[in-house]
Amino acid sequence: MAEGSWYLGTSLYGLKRYPEARDAFRHLALSQPGNGPAWALAGMCEFELKEYPRAQEYLLRAESTGLGGNEELSSLVRFRIALLLNRSGDFKQARDRLLPIAAAGTYPEVIEAMGLNLLRAPLLPAEIPEQDRDLYMRAGEAMNAKITHDSEGAARLFDELVTAYPDRPNVHFARGASLMESAPDQAMLEFQHELQLNPSDPGALLELAELSLKQESTEKAVSYARRAVKANPAVPVPHRVLVKRCWHRETRQAQLRNSKSRRGKNLHIRNRTFSSLKRTRRPARISWRARKWRSSNAWTENKKATSARQVLRSSLPTWRWLAPNNCGMGKRYFSLIGIAPGSAMGTTRSPWTLRSV
């Protein structure tokens, strides 16, 4: 029975009768849940029928189940999953899947897929308008040169891309992303040029915030991160930039308070020590006083490492920001980003939500 469903499905798939082939493969997959190739072919049929969410579900299940060492089918499944992730807007995961595929060998559909991913276009290669095909092919070739470590070729292709399409969205962003490691200052200029075309582009704002933070321009980093949060509250990275800045500010304030307190305590102990020396002139008393001063100083130095965290914990209000590392900045964080708790950002259905503790 299982062999009959498999041969029927493959015959119908070869004839491009995708609805009947899908039913045959799905029946086989449901009767044998561990049959990875059946799930893969059912997903391929759904892909051809443009049922993309179900196709992605079946293909991911086939990948997790295993395809029995069929390398050709495995590479096809991985490529289809990358296309579907890119179409759904998950560009980072799509890029992570496209890079090993491109390293193994490229052909026109892979080049177009890399161009779509580089320019953050949620499309399939078959959905590219004919007038835009040259744009995505150029972008894909530049990205392929970058992957193969052809630095000169990648720089030349990115220059040609920007020259040919200076006003297209994400072109300057793509060039800036390629320059982040080799020329961060020039990358910042490209991201700023992208913001001139789209002032609320969360990707460009995010990269500018990260670069500013690396260059220790914390005020600029906070400004860009605020704009990125307002543009897309569900993206966690600008929140991490702001939380890091808020943490540094709280730590600095705690260190200043502790430094003032330590100076006062040490001065008081030192005055008591020298006044005792002047009054009594007893070496035993001096040694005891000195030991007390040294132990007190060591105690304050030991407390210095934890004072910032204790001060921050004591100043936290009842609202906390839930991040992957479960850190909270409370109202100080919201005053930093200029958004009040309970606003639309706080009710976004994402891992970054608010709760009362």
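The values are calculated or read from the model by the stated rules, or taken from the named source; none is laboratory data. Everything quoted here is computed from the prediction, not taken from an experiment. Virtual Cβ from ideal backbone geometry, glycine too; neighbours counted across all protein chains shown.
Worth a mention:
- Residue match in region 42-64 (condition: over 30 Å from Arg120 (Cα atoms) and free of Cβ contacts under 8 Å to residues at least 40 places away in the same chain): no
- Subset tally (residues that are in contact with a Lys or Arg (Cβ under 8 Å, 6 or more places away or on another chain) and crowded, with 17+ Cβ neighbours inside 10 Å) for region 194-208: 3
- Among the residues listed as Gly68, Gly89, the single one being closer than 22 Å to Gly115 by Cα, in contact with a Pro (Cβ under 7 Å, 6 or more places away or on another chain) and surrounded by fewer than 17 Cβ atoms within 10 Å (Cβ to Cβ): Gly89
- Of the residues making up region 100-118, those that are surrounded by fewer than 16 Cβ atoms within 10 Å (Cβ to Cβ) and either in contact with a strand residue (DSSP E or B) (Cβ under 7 Å, 6 or more places away or on another chain) or at negative phi (or both) are Pro100, Ala103, Ala104, Tyr107, Pro108, Glu109.
- Condition met for Met44 (crowded, with 20+ Cβ neighbours inside 10 Å and under 30 Å from Leu30 (Cα atoms)): yes
- The residues in region 11-23 that are within 40 Å of the chain's Cα centre (by Cα) and either assigned to a helix (DSSP H, G or I) or free of Cβ contacts under 8 Å to residues at least 12 places away in the same chain (or both) can be counted, and the count is 6.
- Scanning region 158-172 for residues that are among the acidic types (Asp, Glu) and under 10 Å from Leu197 (Cα atoms) turns up just one, Asp167.
- Contact map, region 125-145: first residue assigned by TED's automatic domain parsing to the domain that holds Ile81, second residue among the β-branched types (Val, Ile, Thr) and surrounded by 13 or more Cβ atoms within 10 Å (Cβ to Cβ), Cβ cut-off under 7 Å, separation 6 or more or different chains; pairs are Tyr136/Ile128; Met137/Ile111; Gly140/Ile111; Glu141/Ile111; Asn144/Thr106; Asn144/Ile111.
- Of the residues making up region 211-224, those that are buried (at least 19 other Cβ atoms within 10 Å of the Cβ) and either modelled with pLDDT of 85 or more or touching a Ser or Thr at 6+ places or on another chain (Cβ under 9 Å) (or both) number 5.
- From the list Phe158, Phe191, Phe173, the one residue that fits, being in contact with a helix residue (DSSP H, G or I) (Cβ under 8 Å, 6 or more places away or on another chain), touching a residue at least 40 places away in the same chain (Cβ under 8 Å), crowded, with 17+ Cβ neighbours inside 10 Å and in a helix (DSSP H, G or I), is Phe173.
- Residue in region 30-41 that is in a helix (DSSP H, G or I) and either of a type in the set (D, E, K, R) or closer than 20 Å to Met143 by Cβ (or both) present: no
- Some residue of region 89-100 being assigned to a helix (DSSP H, G or I) and either of a type in the set (Val, Ile, Thr) or over 30 Å from Gly36 (Cα atoms) (or both): no
- Set Arg78, Arg95: member being closer than 30 Å to Tyr165 by Cα, touching a residue at least 12 places away in the same chain (Cβ under 8 Å) and out of contact with any Gly (no Cβ under 9 Å at 6 or more places or on another chain): Arg95
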